[in-house]
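S.K.: Take this structure first; my questions come after.
The values are calculated or read from the model by the stated rules, or taken from the named source; none is laboratory data. Because the structure is predicted, anything quoted here is derived from the model rather than measured. Every residue, glycine among them, receives a Cβ derived from its backbone with ideal geometry; neighbour counts consider all protein chains shown.
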Amino acid sequence: MIPVYSVAQIRAVEAQEISKRGEASLMKQAAAELASVAVTMLADRPGTEPAFVIGLIGPGNNGGDGLYALAQLQQQGISTLALQYADQVHADASAAYQKAGGTLTDFADGQNELLGASLIIDALYGLGYRAGSPLPSVPAQSYVLACDVPSGLDPETGVAEDNVLRADRTVTFGAMKSGLLTIDAPLVTGDISVADLEFDFSSVSPETQMVDEAAAVELLNQHRSWRDAGRHKYQRGVLGLIAGSDLYPGAAQLTAKAAVNCGIGLLRTHVPESIQPLLAVSVPESVPLDDQQIKEALSSSRRHLHGKGAKISAWAIGPGLDGRTPPTGVIAEVFASRQPAVIDASGLEVVPTGPSEQPRVLTPHSKELRMLLNRAGVKVTPDEIAQDPIRWTRWAALAYNAVVLLKGPTNYIVAPNGSSLVVTHSSPQLATAGSGDVLTGILGYLLSDGSLTGTQGLRTVPNRRIMELTACAAIIHGRLGRVTAEEGTVSASRLIDNLPKVMKHFGF
Ligand SMILES: NC(=O)C1=CN([C@@H]2O[C@H](COP(=O)(O)OP(=O)(O)OC[C@H]3O[C@@H](n4cnc5c(N)ncnc54)[C@H](O)[C@@H]3O)[C@@H](O)[C@H]2O)[C@@H](O)CC1
Ligand SMILES: Nc1ncnc2c1ncn2[C@@H]1O[C@H](COP(=O)(O)OP(=O)(O)O)[C@@H](O)[C@H]1O
């Protein structure tokens, strides 16, 4: 997991490091990291030989990093040009660049060269950015590496100017900054690498933790055992899916297919009679679950929450339910159990507020979050949620005593105790009808697997584990989006087709 800090926290640690190691040494270290990523990016985009790198240089230390990085590229034989976009630039860095044979010129005089650049390094503004900073424009298809923070993005809030310099990659220094993950940031940073410059954050608590693919693989591997190979289907896990209505007959099928394609032990489905024949054909692996069987499953769960006699090990509630006529009786009984559950879509309209023994994760998008908050008596506008999503997700987690995953380009996962995880790096093409139903299937599957949840006997799943598995589901879903988008346009059905190979990537 990658700890995430506020700009103030990073500035404080930076000041200590500067007093220990000196500013020039830190800057050169930062520049070396920047130059190394620039070289990788040039190699990733062959066909633009000989390489020509242009740096956009601002007035502060961010510009200084850019100039030192250009000097290093110049010394490696790469042709470069520095365009000064400020009245003055970092004097030592400028001298070092010119000593390395580089040319520093005014932006206005050199901007025509931008069209011929194989790579543009954006070293205009970093931590010192203030809203309203003047920003140049670059040609539409430019290949851009941001130094520390894309210029025009507020590193504290994640709010971007309309003319922000969108990056293909960002190398950020010291630590991951909260503003690189939230609001507009996922749309403008490209892939982010953290160059930690060996800063010592040991006495600072991070604001949140970011989960990336490597962290997800590690989390999943932590919980696997060689014994897993000997499990029969009930021991692997049984998901009870309560979903579907005449109004939305497709959603239940999408969630069911997703869970099955994840490789679930067994899927039981509680859907309206009118949908059952459809499901029997589209997801023949699923086994119907009626009201009486749900009662029996809940009764067996009083002796065992998973495996050994337990008929269901986790629940997924909501995809495609008709919000006007959900099977409230049966759902209320499931909510009273201690088995983990993921609640999505219309399930969110019936989930109770207040204390609960059930480890639960609610998966609203921002409109559904507003509805959840309204149901809990918290009035909030869409704008307020957009400006501070993590704050409002915390309120919901507290009000419903549940882990809440707020979905979108940034996924915020918050527990009732306020702790949080953040997941980005998905694909905008996930914004397609039914993709949330697929996520519910993935998360339902993860929650049903006793090895992953650590459920044994009557020991229930702690919220921390629920949060981690929710983050893993969002990561799997994000990769699914990217892999599918590489092949062509994305639909929920296409996502589901790709699930087996994406699950394999995560060790399933
Ligand atoms: N935090 C770290 O760990 C390290 C930071 N370094 C670099 O230092 C950078 C921070 O340097 P600075 O503090 O000099 O800040 P910046 O280089 O981000 O400079 C911004 C400068 O632009 C000016 N400016 C900002 N907004 C403006 C506006 N709206 N109108 C007019 N002028 C405006 C400010 O006066 C400020 O001096 C980081 O982003 C990073 O690139 C590295 O050199 C070393 C390590
Ligand atoms: N612009 C975006 N970029 C990345 N992911 C997105 C974007 N928009 C939506 N998503 C993801 O797509 C899924 C959509 O879920 P949801 O809104 O519940 O869809 P549906 O109800 O149609 O199934 C969520 O996992 C969300 O995180």
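S.K.: Quick one: is T182 modelled with pLDDT of 95 or more and among the β-branched types (V, I, T)?
M.R.: no
S.K.: Now for a different question. Could you grab me the full set of residues in region 416-437 that are within 16 Å of the chain's Cα centre (by Cα) and either small (G, A, S) or in the same structural domain as I264 (by TED's automatic domain parsing) (or both)?
M.R.: S419, S420, S426, S427, A431, S435, G436
One line per residue, one yes/no per condition, for (1) within 14 Å of ligand 1 (Cβ to nearest atom); (2) farther than 30 Å from I390 by Cβ:
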residue	(1), (2)
V7	yes, no
R11	yes, no
E17	yes, no
E23	yes, yes
K28	yes, yes
A35	yes, yes
A38	no, yes
M41	no, yes
R45	no, yes
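S.K.: Need at least 1 residues that are buried (at least 17 other Cβ atoms within 10 Å of the Cβ) and within 16 Å of ligand 2 (Cβ to nearest atom) per element, so show me which strands (runs of 3 or more DSSP E) inside region 40-150 make the cut, counting only ones lying wholly within it.
M.R.: In region 40-150, there are no strands (runs of 3 or more DSSP E) which contain 1 or more residues that are buried (at least 17 other Cβ atoms within 10 Å of the Cβ) and within 16 Å of ligand 2 (Cβ to nearest atom).
S.K.: Enumerate the strands (runs of 3 or more DSSP E) found wholly within region 314-381, keeping only those where 1 or more residues are away from ligand 1 (no atom under 16 Å from the Cβ) and without any contact (Cβ under 8 Å) to a residue 12 or more places away in the chain.
M.R.: In region 314-381, no matching strands (runs of 3 or more DSSP E) lie anywhere.
Okay, residues lined up against (1) within 16 Å of ligand 1 (Cβ to nearest atom); (2) modelled with pLDDT of 95 or more; (3) touching a Gly at 6+ places or on another chain (Cβ under 8 Å):
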{"site": "A396", "(1), (2), (3)": "no, yes, no"}
{"site": "Y412", "(1), (2), (3)": "no, yes, no"}
{"site": "H425", "(1), (2), (3)": "no, no, yes"}
{"site": "Y445", "(1), (2), (3)": "no, yes, yes"}
{"site": "L452", "(1), (2), (3)": "no, no, no"}
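S.K.: Quick one: how many residues across region 156-207 are of a type in the set (S, T, N, Q) and away from ligand 1 (no atom under 15 Å from the Cβ)?
M.R.: Going through region 156-207 one residue at a time, the tally reaches 4.
S.K.: Which pairs do you get when a residue that is free of Cβ contacts under 8 Å to residues at least 24 places away in the same chain and closer than 13 Å to F173 by Cα, found in region 123-152, comes within reach of a residue that is outside any loop (DSSP other than H, G, I, E, B) and of a type in the set (S, T, N, Q), reach meaning Cβ atoms under 6 angstrom, with the pair 6+ apart or on two chains?
M.R.: Between residues of region 123-152 that are free of Cβ contacts under 8 Å to residues at least 24 places away in the same chain and closer than 13 Å to F173 by Cα and residues that are outside any loop (DSSP other than H, G, I, E, B) and of a type in the set (S, T, N, Q), there is no close pair.
S.K.: Of all residues in region 486-496, which are surrounded by fewer than 20 Cβ atoms within 10 Å (Cβ to Cβ) and touching a residue at least 12 places away in the same chain (Cβ under 8 Å)?
M.R.: Within region 486-496, T489, S491, S493 qualify.
Residues checked against (1) buried (at least 17 other Cβ atoms within 10 Å of the Cβ); (2) among the hydrophobic types (A, V, I, L, M, F, W, C); (3) touching a residue at least 12 places away in the same chain (Cβ under 8 Å); (4) closer than 26 Å to S419 by Cβ:
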position	(1), (2), (3), (4)
I442	yes, yes, yes, yes
T455	yes, no, yes, yes
R459	no, no, yes, yes
R465	yes, no, yes, yes
C472	yes, yes, yes, yes
T484	yes, no, yes, no
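S.K.: May I pose another question? Right, D87: over 38 Å from the mean Cα position of the chain (by Cα) and within 10 Å of ligand 1 (Cβ to nearest atom) or not?
M.R.: Against the criterion (over 38 Å from the mean Cα position of the chain (by Cα) and within 10 Å of ligand 1 (Cβ to nearest atom)), D87 qualifies.
S.K.: What's the number of the condition D200 fails, among (1) closer than 20 Å to T410 by Cα; (2) at pLDDT 95 or above?
M.R.: Of the numbered conditions (1) closer than 20 Å to T410 by Cα; (2) at pLDDT 95 or above, the odd one out for D200 is (1).
S.K.: When the residues of region 151-194 are filtered to those that are of a type in the set (D, E, K, R) and within 16 Å of ligand 2 (Cβ to nearest atom), which remaining residue is surrounded by the most Cβ atoms within 10 Å (Cβ to Cβ)?
M.R.: Restricting to residues being of a type in the set (D, E, K, R) and within 16 Å of ligand 2 (Cβ to nearest atom), the top hit is D184.
S.K.: Filter region 456-490 down to residues that are assigned to a loop (DSSP other than H, G, I, E, B) and hydrophobic (A, V, I, L, M, F, W, C) and give me whichever is farthest from ligand 2 (Cβ to nearest atom).
M.R.: L458
S.K.: Does V164 count as of a type outside the set (K, R), touching a Ser or Thr at 6+ places or on another chain (Cβ under 8 Å) and either without any contact (Cβ under 8 Å) to a residue 40 or more places away in the chain or assigned to a helix (DSSP H, G or I) (or both)?
M.R.: yes
S.K.: Starting from residues that are among the aliphatic types (A, V, I, L, M) and assigned to a helix (DSSP H, G or I), keep the ones in region 167-197 and report whichever is farthest from E14 (Cα to Cα).
M.R.: Here the answer is L187.
S.K.: Right, next: Going by the conditions given, is I385 within 15 Å of ligand 2 (Cβ to nearest atom) and crowded, with 23+ Cβ neighbours inside 10 Å?
M.R.: no
S.K.: Can you list the helices (runs of 4 or more DSSP H) found entirely within region 202-292 that contain at least 1 residues being among the hydrophobic types (A, V, I, L, M, F, W, C)?
M.R.: Because the criterion is at least 1 residues that are among the hydrophobic types (A, V, I, L, M, F, W, C), the helices (runs of 4 or more DSSP H) in region 202-292 that meet it are 213-222, 249-262, 276-282.
S.K.: Looking at (1) away from ligand 1 (no atom under 14 Å from the Cβ); (2) modelled with pLDDT of 95 or more; (3) farther than 18 Å from A30 by Cα, which is the one condition that is false for G152?
M.R.: Only one criterion is unmet by G152, namely (1).
S.K.: Something else now. Mind listing just one residue for me: the one in region 417-428 that is within 8 Å of ligand 2 (Cβ to nearest atom) and touching a helix residue (DSSP H, G or I) at 6+ places or on another chain (Cβ under 6 Å) and, of those, farthest from M1 (Cα to Cα)?
M.R.: Step by step, filter region 417-428, then rank; the result is S427.
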